[in-house]
Amino acid sequence: MTSDVDTSSWKKTPDGIAIPPPSPDDVLYESRGDIGWITLNRPVVLNAMNKSMQRALGRALDAAEADTGARAFVLIGAGRAFSAGGDLWASLYPDDEPAPNGDELKMRIFDFPRPVVAAVRGAAVGQGFELAAVCDLTVASETARMGEIQIRHGFGPPLLITPFVVGLKHAKEILLLGETLTAQEAYRMGVVNRVVADADLESAAEETARKLASLPENTVRLNKALVNRVYRLANMDEGLNFRADPALADLFSGRDSVAQERHRLREEQGWSAFKSERDRGY
């Protein structure tokens with residue numbers, strides 16, 4: 001956080017961490033010729049996702065779709081992280097306004113008619129991991145730390161995309177252990193296409209996007225649609241709709257005493273106590 005930011009009106013966690021209020025600039029869209037840039041823009045909280053971010057991301061995707069001059073897009077996070085996932089402090093700013101569903105936004109990126117390249121530095125965990133996973137290609141900085149860590153919170157994955165991105169054993173490793181992967185580990189598992197130095201991340205992502213933009217546009221769209229079709233024929237949509245499966249109802253309704261205790265710490269003592277307990281043993 002820069003020193004010129006006035007945080008005096010911001011709400012705070014029990015341990016005094018200031019959380020920024022929702023802003024219409026929580027996600028930005030910029031057209032750079034044949035490349036469109038979508039920037040997650042809550043750097044103070046590592047681009048954690050809340051309803052304001054979902055609305056802003058929906059608007060950015062609308063702008064991208066309307067930008068007929070752009071033939072490829074880059075999705076990046078402002079500051080030192082791609083996205084730290086769901087905002088655990090969203091309740092500080094009650095929000096009853098309608099917003100696009102987070103999973104629907106991710107699948108909109110997955111099905112976007114033109115290719116999207118994720119540029120990942122720092123944390124890309126939980127929903128951030130899934131946002132990177134639904135992009136067509138992912139370029140990661142050597143600083144990237146990626147994973148579905150929400151099992152440590154007592155949460156399941158919001159979007160069950162991981163088994164469709166990696167193999168069975170790696171999917172279970174990611175989803176059951178909840179560890180954070182280095183950029184090279186994510187590359188080895190097939191989560192990431194390319195790892196570059198942190199200083200080169202934006203130029204490498206733009207280079208990848210420009211390669212896509214230089215190819216025959218209709219064929220790029222066709223080949224993306226064909227690859228997606230293979231996964232759809234493998235019952236991907238049914239797999240993603242796991243909440244509707246009655247066989248899982250008992251697991252969803254079960255109470256987890258470990259998770260409950262961790263969230264009691266979060267609510268009563270704040271982020272630091274919660275994180276210390278959550279990450280014990282990691």
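All of the numbers you see were taken from the coordinates with simple rules; none came from a lab. As the structure is a computational prediction, the values presented were derived from the model and not from experiment. Ideal geometry is used to build each Cβ from the backbone, glycine not excepted, and the neighbour counts take in all protein chains shown.
Computed over the chain with a Gaussian network model linking Cα atoms closer than 10 Å, the most mobile of Ala119, Ala133, Ala225 is Ala225. At full extension, Glu207 and Asp15 could sit 64.9 nm farther apart than now, given 0.36 nm per residue minus the alpha carbon distance. Kirkwood radius for segment 1-50, taken over all pairs of different Cα atoms as the inverse mean of 1/r, rounds to 12.7 Å. Summary of the geometry: segment 106-124 and segment 136-170, compared by the centres of their Cα atoms, lie 13 Å apart. With bins 10 Å wide beginning at 0, the percent of Cα pairs of segment 11-278 falling in each bin runs 7, 29, 37, 21, 5, 0.
From helices alone, the chain scores -12000 deg cm²/dmol at 222 nm; the rule is -39500 (n - 2.57) for each run of n ≥ 4 DSSP H residues, then divide by the residue total.
A full extension of the chain between Lys169 and Val230 corresponds to an added length of 19.9 nm, given 0.36 nm per residue minus the alpha carbon distance. If exposed means no more than 10 neighbouring beta carbons inside 10 Å and the site is in a DSSP loop, what's the longest run of the chain without any exposed trypsin sites (Lys or Arg not before Pro)? Result, exposed sites excluded: 1-254. Pairwise Cα distances in segment 1-137 exceed 23 Å in 30 percent of cases. By the rule of a C-alpha distance below 13 Å, with chain neighbours fewer than 8 residues away ignored, the aspartates and glutamates paired with Lys224 are Asp111, Asp136.
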